[in-house]
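Structure first, commentary second.
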Amino acid sequence: MLRDALDQDLVALRDLEREANLVGLAHVFAPDRYPFPDDAVLARWRIVMDDPEVAVLVVDGPRGDGLLAYVAHDDSTLRHLAVHPDHWGEGIAAMAIEVAVRGIRLRGATGASLWCLRENHRARRLYEYLGWNSTKDSREASWPPHPVEMRFQRSIAP
């Protein structure tokens with residue numbers, strides 16, 4: 001179901017991120033005040049895709065019409081996750097997270113971390129359900145209006 005992302009997936013990664021954000025995070029990034037930064041997100045995905053330490057995995061859409069989901073991780077961190085809003089609640093995010101955690105474990109880690117917007121309540125519920133624990137760490141997100149991100153951690157059994 002998941003496959004390695006290819007260079008030709010770059011625009012689709014950006015487009016899926018936009019679709020998920022416009023539905024799930026409109027209360028944080030109000031589109032009329034903070035339009036989705038298409039060019040900056042595309043440039044960030046180029047950097048992520050070029051990083052040999054990062055695994056980017058994708059799920060193709062059912063009709064070959066873009067991506068259904070993506071997950072990216074490095075040797076200790078779940079870095080990016082999105083599922084197309086039309087497929088929320090189908091277990092795709094949980095499956096992608098578990099694949100990423102297995103990949104992190106295979107790289108020798110005994111724990112994993114991730115950053116999540118404090119106001120992304122849907123994602124926070126999922127992470128907590130899957131055994132991730134919030135820490136006291138927080139930081140300002142890079143995109144305006146720079147909402148607060150919080151860090152989660154999870155132990156990984158060998």
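If you average the C-alpha positions of region 80-111 and of region 19-72 separately, how far apart do those two centres end up, in angstrom? Cα centres, region 80-111 to region 19-72: 15 Å. Of TRP143, TRP115, TRP132, the sequence from fewest to most neighbouring Cβ atoms within 10 angstrom is TRP115, TRP143, TRP132. As a proxy for reagent exposure, ranking HIS84, HIS73 by other Cβ atoms within 10 Å from fewest up yields HIS84, HIS73.
Here the contact order of the chain, divided by its residue count and restricted to Cα pairs under 8 Å and six or more residues apart, works out to 20 percent. Only Cα pairs under 8 Å and at least 6 apart count here; give the relative contact order of region 1-62 as a rounded whole percent. Once divided by the residue count of region 1-62, the mean separation gives 61 percent. Other residues with beta-carbon under 11 Å from the beta-carbon of PRO37 carry, at +1 per Lys or Arg and -1 per Asp or Glu, a net charge of 0.
Residues TRP45, TRP88, arranged from fewest to most other Cβ atoms within 10 angstrom of their Cβ, appear as TRP88, TRP45.
Helix-only arithmetic for the chain: the sum of -39500 (n - 2.57) across DSSP H runs with n ≥ 4, divided by the residue total, places the mean residue ellipticity at 222 nm at -10500 deg cm²/dmol.
FRET efficiency for the ALA94 to ILE47 pair, using the beta carbon distance and R₀ = 30 Å, is estimated at 0.65.
Largest GNM mean-square fluctuation across SER142, SER76, SER134, computed for the chain with C-alpha springs under 10 Å, falls on SER142.
The numbers here are math on the coordinates, done by the rules we state, and not lab data. For clarity, every value in this text was computed on a predicted model and none was experimentally measured. Don't worry about glycine lacking a Cβ; one is built from the backbone with ideal geometry, like all the others, and counts go over all protein chains shown.
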